[in-house]
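Visitor: Take a look at this one; I'll ask things after.
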Amino acid sequence: QVQLVESGGGLVQPGGSLRLSCAASGISSSFYTMGWYRQAPGKQRELVATITSGGSGKYADSVKVRFTISRLSGKNTVYLQMNSLKPEDTAVYFCYAARNGQDYWGQGTQVTVSS
């Protein structure tokens, strides 16, 4: 059974930082592209960042420079370091893993940026 479990969300003030983690089980995630999407209330889910099995990262323009995606293959874990957070970053963040047309999703973790 494949599971992706996110952690690290919470409430942070504007300008603050959070690090999200996604632990994968049931797959050898080192062979998968992994990444993060987010969905704000009343908006469509949008891609935040991805990282290939080779370690190449891509980012949405809105988070470039501020966010960094990384992976620790030996522990089947992917991270999203989020710095200089803005109120518009408030959303539920979902981890995903994809390979050869098969994808898996986590349950999401809430990130709220507010003073």
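Visitor: Can you list residues whose amide H is under 5 Å from Phe67's amide H, if they're 5+ apart or on another chain and H is modeled 1.01 Å from N?
Guide: Residues meeting the criterion, in which the H sits 1.01 Å from N, are Asn83.
Visitor: Excluding Asp89 itself, calculate the net charge of residues whose Cβ lies under 14 Å from the Cβ of Asp89, where each Lys or Arg counts +1 and each Asp or Glu counts -1. Walk me through the numbers before you get to the answer.
Guide: Working: positive: Arg19, Arg38, Lys43, Lys64, Arg66, Lys86; negative: Glu46, Asp61, Glu88.
Its environment carries a net charge of +3.
Visitor: So how exposed is Val92, as accessible area in Å² (1.4 Å probe, rounded to 10)?
Guide: Roughly 40 Å² of Val92 is accessible to a 1.4 Å probe.
Visitor: Solvent-accessible area of Tyr37, probe 1.4 Å, all protein chains present, reported in Å² to the nearest ten, please.
Guide: 60 Å²
Visitor: Taking only protein heavy atoms into account and a 1.4 Å probe, give the accessible area per residue of the chain in Å². Before the final figure, lay out each step's value.
Guide: Working: 6130 Å² over 115 residues.
I get 53 Å² per residue for this part.
Visitor: I'd like the carbon and sulfur percentage of the solvent accessible area for the chain, probe radius 1.4 Å, heavy atoms only, ligands and nucleic acids excluded.
Guide: On the way: 2840 of 6130 Å².
Taking all protein chains in place, the chain shows 46 percent carbon and sulfur surface.
Visitor: Could you work out Rg/(2.2 N^0.38 Å) for region 21-115, with Rg from alpha carbons only?
Guide: Details: Rg = 13.0 Å, N = 95, 2.2 N^0.38 = 12.4 Å.
Normalised by 2.2 N^0.38 Å, the Cα Rg of region 21-115 equals 1.05.
The values are calculated or read from the model by the stated rules, or taken from the named source; none is laboratory data. Every value quoted in this text rests on a predicted model; they were computed, and no experiment measured them. Positions of Cβ are backbone-derived with ideal geometry, glycine not excepted, and every protein chain shown enters the neighbour counts. The protein model used for the area step is the full one, side chains on, heavy atoms only, and it has no ligands, DNA or RNA in it. Shrake-Rupley method; radii C 1.70, N 1.55, O 1.52, S 1.80 Å.
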